Each structure stands twice: as structure tokens, then as C-alpha cells.
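Readers should treat all values here as calculations from the given coordinates under stated rules, not as data from a laboratory. Values in this document were obtained by computation on a predicted structure and should not be read as measured data. In this analysis, Cβ positions are derived from the backbone assuming ideal geometry, glycine residues included, and neighbour counts consider all displayed protein chains.
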């Protein structure tokens, strides 16, 4: 299965909910409330890693969206939401996938 992922309501906009979704024959979405994003952001700020909040949260949301479909996915195309940060988002996403699956490249 090939899927294309898009985001509505940027992660860094903590006044609105964020929805991460895909649709390509089948569809699925995941939502994080604005108040929960503010809580996560506060944790990152207190640890001095404010700049990672957006990319790590985005990658984790993508992971949660696709985790139950990993074995049936042929390709995952993520809409470019953060130009120049794709490598970091991909790295965070692969770290999460590797924690749950063995031998995933």
C-alpha cells in the first residue's frame, strides 16, 4: 500500500489542534489537541530542546498514524511541511519504527 501524509494545523501553532492524515484507497487520521501540544512544548522548553519540539512531535504523530500498518506499507510520502528539516523528521520517524520492528531499513 502507498500512502500520502498531510498535516492540517501546524504542530507549532499551539492555538489549534493538529491533524495528521493519509488517504489513498484507505484513509486514517490522528488528532492532537492544542492544549496537549502546549504541554509537550513546555516539556521541551524545560529541557532546553525547544527547537526539536516541532520536528519530533510531527514525526511521532506520523508514527502513531502508521504504526498498525507498517508491514503493509510499500511507500510513505510525507507532504513537505518543514523545508530543510526532512532529514531530521525522517530520522526521528525511523528511530520510532526501529524501536518496534526489527530489521526495518
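Taking the Cα atoms only, what angle lies between the long axis of helix 86-100 and the longest principal axis of the chain, rounded to 10 degrees? Taking Cα atoms only, the helix is inclined about 70 degrees. Shown for 74, 36: other C-beta atoms within 10 Å of each C-beta, ranked fewest to most, produce the order 74, 36. Note on residue 43 and residue 15: their simple-model spin labels are 2.5 nm apart, each label 7 Å out from Cα toward Cβ. Working from Cα positions, state the angle (0 to 90°, nearest 10) between the long axis of helix 34-46 and the longest principal axis of the chain. That works out to roughly 70 degrees. The calculated 222 nm mean residue ellipticity attributable to helices in the chain amounts to -13000 deg cm²/dmol, summing -39500 (n - 2.57) over DSSP H runs of n ≥ 4 and dividing by all residues. Structural descriptor for the chain: relative contact order 30 percent, calculated from alpha carbon pairs under 8 angstrom and at least 6 residues apart. Within the chain, DSSP assigns beta bridges of which about 75% are antiparallel (rounded to the nearest 5). Among (1) 13.1, 40; (2) 17.4, 56; (3) 13.7, 42, which is the computed Rg and Dmax of the Cα atoms in Å? Comparing each candidate, only (3) matches the computed number. For the chain, the longest principal axis of the alpha carbon atoms and the long axis of helix 53-66 meet at an angle near 30°. The distance from the alpha carbon centre of segment 49-79 to that of segment 16-38 is 11 Å, rounded to a whole number. Ordering 16, 11 by the number of other Cβ atoms within 10 Å of each residue's own Cβ, fewest first, gives 16, 11.
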